[in-house]
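These notes concern the structure reproduced below.
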Amino acid sequence: MRAVVLYEHGGLDKLIYEPEYRDPKPGAGDALVRMRACALNYHDLFTRKGMPGIKVPLPLIAGNDVAGEIAAVGPQVAGFAPGERVLVDPTDRVAGGFLGETMDGGLAELVRVPAHMLVKLDAEIDFAEAAALPVAYGTAHRMMLTRGGIKAGETVLILGASGGVGTCCVQLAKQAGATVVACASSEPKLAQLKALGADIGINYANSDWVAECRRLFGRPRVFAGQESGGMDVVVNFNGGDSWTRSLKVLRRGGRLLTCGATAGYDPPEDIRYIWTFELNILGSNGWKREDITALLDLVRSRKLKPVLHPRRFALAETRAAMGLLEERAMVGKVIVTP
């Protein structure tokens, strides 16, 4: 089969396209999925580069998010048959492990997974839209609704809003009835985010987003009679130098939601804002199976539309696809197809 294989950690050149890589064989309880769409995530970049404290078995096929058709099933598999359309939940919730990190993932024609990781996929849901859901949209769903409790009337600032997680956060916050402020690095990206439901766009490449939030929503105050101003919620999965700045725009009792740290996990901190404004820092770790099924229901009913980068990349073009992600030169999910 054709596959993109990582033999050692490093740059884009470490992604090796293999036109005749070994075919996987399904064992007891396994299914073999013929990949129709694989959505890339920042997690794939971290896997390629190497992550402190996480040992990745090499050689490895990356790719966490996969949708396709069952090509074969092994012994002891019930409830699934060849030809069925499926989405893979990347987390092995029985034996442990993560697709594209501890086991071969979706950047290949065929993917072997334990059958308990499969979710049946209705014919009306496109493979690429389904593949966009688990890591990014599942993470956003849990962070915004299960953990964050976004509700009508709140003001929500979403940093890094043009990526997979961000575009879902914009849609979910708008559906909840919040006023949505989206940050992105260009006017075309902001135009697309407004089309998704963002009420206000801030171009952080040419403006100070902290100053702009204060101009629009007031400076947070804590004195008697002046407990007003600021955002109700800030969504920050970037970390880095945006972390402490996020604290500066939250109202008293505001919530900072985080599910990652794409720009750095150990930023400088100023905890004075946390106690002075009685802020709530809420972490959200991944997703549950019910987040995926809820998202599939939303897509099926067209209440949610996964945002996909317009270009589809073939397996042989995976380096270019990863480069686009690394440069943050996209809006929505980057999709690789066979």
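The values are calculated or read from the model by the stated rules, or taken from the named source; none is laboratory data. Treat the numbers as computed from the prediction; the structure is a model and nothing was measured. Areas reflect the complete protein model, heavy atoms only, side chains present, ligands, DNA and RNA absent. Shrake-Rupley method; radii C 1.70, N 1.55, O 1.52, S 1.80 Å.
Summary of computed values
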{"read-out": "Reachable lysines, given that their alpha-carbon falls under 29 Å from the alpha-carbon of LYS151 and they are not under 8 places away in the same chain", "value": "LYS174, LYS189, LYS194, LYS248, LYS288, LYS303, LYS305, LYS333"}
{"read-out": "Set of aspartates and glutamates near LYS49 by C-alpha distance (under 19 Å), chain-local residues within fewer than 8 positions excluded", "value": "GLU8, ASP13, ASP65, GLU101, ASP104, ASP266, GLU317, GLU326, GLU327"}
{"read-out": "Shape of region 142-295, Cα gyration tensor, a/c cut at 1.5", "value": "rounded"}
{"read-out": "MRE, 222 nm, helices only [DSSP H, n ≥ 4, -39500 (n - 2.57), over the chain, to nearest 500]", "value": "-6000 deg cm²/dmol"}
{"read-out": "Prolate/oblate/rounded label for region 277-326 (Cα gyration tensor, a/c 1.5)", "value": "oblate"}
{"read-out": "Per residue solvent-accessible surface (Å²) - region 227-323, probe of 1.4 Å", "value": "47"}
{"read-out": "The chain: DSSP helices with Cα axial extent of at least 15 Å and average Kyte-Doolittle hydropathy no lower than -1.0", "value": "164-175, 289-300"}
{"read-out": "Residue-normalised accessible area of region 68-117, expressed per residue, 1.4 Å probe, Å²", "value": "37"}
{"read-out": "Heavy-atom accessible surface of the chain: percent carbon and sulfur, 1.4 Å", "value": "52"}
{"read-out": "Rg to Rh, two decimals, where region 227-338 supplies the alpha carbon set and Rh follows Kirkwood", "value": "1.07"}
{"read-out": "Which label in (i) -0.22, -0.30, -0.71, -0.83; (ii) -0.31, -0.40, -0.74, -0.84; (iii) -0.19, -0.26, -0.66, -0.80 gives the computed log10 I(q)/I(0) by the Debye sum over Cα atoms at q = 0.06, 0.07, 0.11, 0.12 Å⁻¹", "value": "(i)"}
